[in-house]
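Below: one structure, written as structure tokens.
The values are calculated or read from the model by the stated rules, or taken from the named source; none is laboratory data. This one's a predicted model, so the numbers in the text were calculated from it and none came from an experiment. Using ideal geometry, Cβ is built from the backbone for each residue, glycine included, and neighbour counts are taken over all protein chains shown.
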Amino acid sequence: MRCAAIERLGKRYEGDLETVWERPKKGMMRFGAFCFPATGHINPMTALARSLELRGHKVILFGIADTEERVRAAGIEFHCIGAEEYPAGTLARLDERMADLKGIATLRFTLERVRNTARMVLRDGPRAVRQAGVEALLVDEADFAGNVADHLGMPWISIALLPPLLHDDRFPPFWLGWAAREDWLGRLRNRLAIELLLRIGAPIFREISAQRIAWGLKPYERPEDGLSTLAQITQLPEEFEFPLRGPKPPGLYYTGPFVHARQRPAVEFCWERLDRRPLIYASLGTFQNGSETIFRVIAEACEGLDAQLLISLGGGLDPAQLGPLAGAPLVVRFAPQLEILKLAALVITHAGINTALESLAEGVPMVAVPLGNDQPGVAARVAARGAGVVVSRHRLTPRRLRKAIRLVLEHGSYREAARKLQEAIQRIDGPGRAAELIEEVVERQRVRV
């Protein structure tokens, strides 16, 4: 039965003949990039692409129709795939469903989206990559296009836009808010959690392994088989990782936030409405931002503080939907985040990795209210480095949140910790260093071939 299923799956992808990667000439290279279709993935991937192009290379990003405008606005060439399953407007509908989910339900829904995207990439990716004439692939760890590279015989590099997938039992899985531990009990807990994640993600790995077999490739045996054997490059600064004594996993390279401010879409903002009080900036990102309740709790928690609250709804709600809020905060649909963070005294965040890194790049401490996916893992790192306080969504009340806000505002240790991370981030050009590493890794591979 299994062989018949694999044969049927293989026929769905017939016509993708094996091609061997041809050694590129030294100098300019043509890179292909795949990333999960969400703003928090596209922004850093296009920043990395821009850095490579500034070094004389060419980057083509493969994605669904809804991502084309943002990619092209960043100045990066775009090649559409998945037009049949993902016509224009699909992403908005998926994001609306995501906004209503919590905790494990969020993770399950995300994994199903990853599975559907992987199926599409395995089908459309080989032909698109060959047509574009790229020589190596950059693959978001939330995507599975590394299998396309293996099929075509070309080198590929894992790009960790979220906290990196670390197959090291000292680290909890990215979707848990635990601190890293080196004792046997902590490591056992992490192994059990990793096993749970594997069980939840088993349908994805089964489908990918079936296609690999159909292509004549070795199937996945371990989770780490889904990572590049050449390099794993993360935008997470090493100083923001959990502080552990042992060595880091081999092949893992920490860099810094992948940001190019000029690539962000322009956002109109009412600057004249900001006053002289310390600014508290609240954002739950652009992905899971539909909770009116949380925004109301944030407003109540900040009422009466000697500070001005700015709430960015991230597009999930219209300010008119919320109506009057406690303390009359400034509420906008979108805010120019990179500019606002330069003025902020505190950020209230869902702990999305890009908001967290952009806050730390300006030395701004945080109060984190993680909502799902990788956010608990990011929030745990914020707490471990002393740059903020975490408040559980399940225990969120105006009183608890207000206590956390006052703690971070009134105790200088949080801002001091955030500024130390700012100094670490400023010492390195994240996308530039990543581009350098990519060149080095590919050049080493060229020498071996």
Being under 22 Å from the mean Cα position of the chain (by Cα) and farther than 19 Å from Tyr253 by Cβ narrows it down to one of Ile200, Ile157, so name that one.
-> Ile200
Please give the number of the condition Asp169 fails out of (1) assigned to a loop (DSSP other than H, G, I, E, B); (2) among the acidic types (Asp, Glu); (3) in contact (Cβ under 8 Å) with a residue 40 or more places away in the chain.
-> (3)
Condition test on Ala38, is it among the small types (Gly, Ala, Ser), modelled with pLDDT under 85, within 24 Å of Glu141 (Cα to Cα) and assigned by TED's automatic domain parsing to the domain that holds Gly177?
-> yes
Does segment 214-229 contain at least one residue that is small (Gly, Ala, Ser), outside the structural domain of Leu421 (by TED's automatic domain parsing) and touching a strand residue (DSSP E or B) at 6+ places or on another chain (Cβ under 7 Å)?
-> yes
Just wondering, is there one or more residues in segment 235-255 that are surrounded by fewer than 14 Cβ atoms within 10 Å (Cβ to Cβ) and acidic (Asp, Glu)?
-> no
Just checking, which of Val121, Val71, Val139 is of a type in the set (A, V, I, L, M), in contact with a Leu (Cβ under 7 Å, 6 or more places away or on another chain) and not in a loop (DSSP other than H, G, I, E, B)?
-> Val71
Could you tell me whether segment 153-166 includes any residue that is under 24 Å from Gly32 (Cα atoms), out of contact with any Ser or Thr (no Cβ under 9 Å at 6 or more places or on another chain), crowded, with 18+ Cβ neighbours inside 10 Å and polar (S, T, N, Q)?
-> no
Among Ala387, Ala379, Ala383, which is the only one that is touching a His at 6+ places or on another chain (Cβ under 9 Å) and at pLDDT 95 or above?
-> Ala379
Give the residues of segment 219-239 that are outside any loop (DSSP other than H, G, I, E, B) and hydrophobic (A, V, I, L, M, F, W, C), sorted by residue number.
-> Ile233
Output the number of the condition that Ser283 fails; it satisfies all remaining conditions of (1) modelled with pLDDT under 85; (2) in contact with a Leu (Cβ under 9 Å, 6 or more places away or on another chain); (3) of a type in the set (Ser, Thr, Tyr).
-> (1)
Restricting attention to segment 371-387, which residues are crowded, with 24+ Cβ neighbours inside 10 Å, under 27 Å from Arg277 (Cα atoms) and touching a residue at least 40 places away in the same chain (Cβ under 8 Å)?
-> Ala379
Of all helices (runs of 4 or more DSSP H) fully inside segment 240-348, the set with 1 or more residues that are within 20 Å of Ala387 (Cβ to Cβ) is 292-302, 337-341
Just one listed residue, out of Ala384, Ala351, is touching a strand residue (DSSP E or B) at 6+ places or on another chain (Cβ under 9 Å), under 17 Å from Leu236 (Cα atoms) and not hydroxyl-bearing (Ser, Thr, Tyr), and it is Ala351
Go through Val367, Val347 for me and flag whichever is of a type in the set (A, V, I, L, M, F, W, C), in contact with a helix residue (DSSP H, G or I) (Cβ under 7 Å, 6 or more places away or on another chain) and farther than 30 Å from Arg93 by Cβ.
-> Val367
Hey, does segment 192-213 have a residue that's within 23 Å of Gln375 (Cβ to Cβ) and either at pLDDT 85 or above or not assigned by TED's automatic domain parsing to the domain that holds Ala47 (or both)?
-> yes
Within segment 359-381, the residues that are in contact with a strand residue (DSSP E or B) (Cβ under 9 Å, 6 or more places away or on another chain) and closer than 25 Å to Asp306 by Cβ are Ser359, Leu360, Glu362, Val364, Pro365, Met366, Val367, Ala368, Val369
